[in-house]
1. Would you mind working out the accessible area per residue for the stretch 130-291, using a 1.4 Å probe, and quoting it in Å²?
2. Along the charge dipole of the stretch 1-111, pointing to its positive end and built from +1/-1 on Cβ of Lys, Arg, Asp and Glu, which listed residue (Val82, Val38, Phe12) has its Cα farthest out?
3. So between Val252 and Phe137, what do we pick up on full extension, going 0.36 nm a residue minus the alpha carbon distance?
4. What are the semi-axes of the equivalent ellipsoid of the chain, taken as the square roots of 5 times the eigenvalues of the Cα gyration tensor, listed largest first and rounded to whole Å?
5. Which whole-Hz couplings ³J(HN,Hα) result when phi for each residue of the stretch 221-232 is put into the Karplus expression 6.51 cos²θ - 1.76 cosθ + 1.60, θ = phi - 60°, listed in order with x for Gly and Pro?
6. Would you mind computing, in nm to one decimal, how far apart the modelled labels at Ser113 and Glu21 are, each placed 7 Å from Cα along Cα→Cβ?
7. With no solvent and one equal point scatterer per Cα, compute the Debye intensity ratio I(q)/I(0) for the stretch 213-295 at 0.14 Å⁻¹ and report its log10, rounded to two decimals.
8. Once the principal axes of the Cα atoms of the stretch 181-244 are found, what is the range along each, listed largest first in whole angstroms?
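The values are calculated or read from the model by the stated rules, or taken from the named source; none is laboratory data. Being a predicted model, the structure only gives us computed values, none of them experimental. Note: ideal-geometry Cβ built from the backbone for every residue, glycine included; neighbour counts use all protein chains shown. Accessible surface is based on the protein model in full, side chains and every heavy atom, while ligands, DNA and RNA are left aside. Shrake-Rupley method; radii C 1.70, N 1.55, O 1.52, S 1.80 Å.
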Amino acid sequence: MKSARKIGLFGFGTVGKGFYENLKKHPHLPVSIEKVCVKRLDLPRIGHELYFTDNPDELLSDPELDIIIELIDDAEAAKYYVEQALLAGKDVISANKKMIGESLQDVDNWHQSFGSHFLYEAAVGGGIPIVHSVDGFFRDQEVKEIRGILNGSSNYILTQMQRNNWAFEKALSEAQAKGFAERNPVLDVSGIDASYKLSILAYHAFGEISSIKSFEIESIEGVTKEVIKRAKAKGRKVKLVATLKKTGHEIVCSVKPENISPNDELYSVDFENNAVSVETLISGRHVFVGKGAGALPTGSAVLEDLKRLLDGYSYQVSKRVKTVA
Ligand code: HSE
């Protein structure tokens, strides 16, 4: 019988704990968390049976660990840990959309050099299996458009303002209390978090690297109660919509608040839910809806990556036939 694969985990915040809780429900999986690296050892924690350290080298230089799971919010440190782990021949999982979105060229190089045993489903759309679907299921299809709601916190805020007339600040605090928002919530409300996610989808849909600097990005901070009231009077809702369109040889991306009518598939996607609609040339439109933020949904996407790694799965993006020049 094959021995259990040993995991080194970076981070034990919202997503780390969500992953840990999900993993406990799957005792049959041939894996064990050997070491967890956290910034502060003095915080009270669940997971008393786990070994905690604040020294990253204890994980990175341990040849016994064959899988590194990186779930921290510091993009710079995350990139270093991921790269070191890949160089050491380990399989790696990350949920860091900022790091991946900002480093797509390096990510592409890693996929080429290390056989793509680097997965990051939890970086986009929380529990929705969208990276895997765009990368694998739609690999041989021409993607024409991706459109959706890719940030749970801003959708939660807009939903509470719309349904319950909450003030923006109250809704944001609640999104933070529920563990949906980033440590720096400006990323959520500004559209930047959704833009990183869209750039990751663009990479898997087209095999092309696009920087969010070329995106049209607009914050939801300009969506006042008055704006929402006007939309409501017309039977509409305001949502932060991410759109990626292929026009000729160009990919055009935007993230901005839009007035959504009831016959739009995004209309009923409320609270922290996300939705991604993928339109392909051959099979038409496919809509994925699910929880886009929160410990358990995001942790479950990490667990799905772990199961795929155990099955030897790697991303197919380098095999995608490029449809954009
Ligand atoms: N802050 C993110 C969101 C978490 O609200 O969507 C999930 O990526």
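1. Using a 1.4 Å probe on heavy atoms only, each residue of the stretch 130-291 averages 43 Å².
2. Value computed over the given set: Phe12.
3. Fully extending the segment from Val252 to Phe137 adds 39.1 nm.
4. 33, 24, 16
5. So the Karplus estimates, Gly and Pro as x, are 5, x, 7, 7, 4, 5, 4, 5, 4, 5, 5, 4 Hz.
6. Calculated label separation equals 3.7 nm.
7. So the normalised log intensities work out to -0.59.
8. So the three principal-axis extents are 42, 27, 18 Å.
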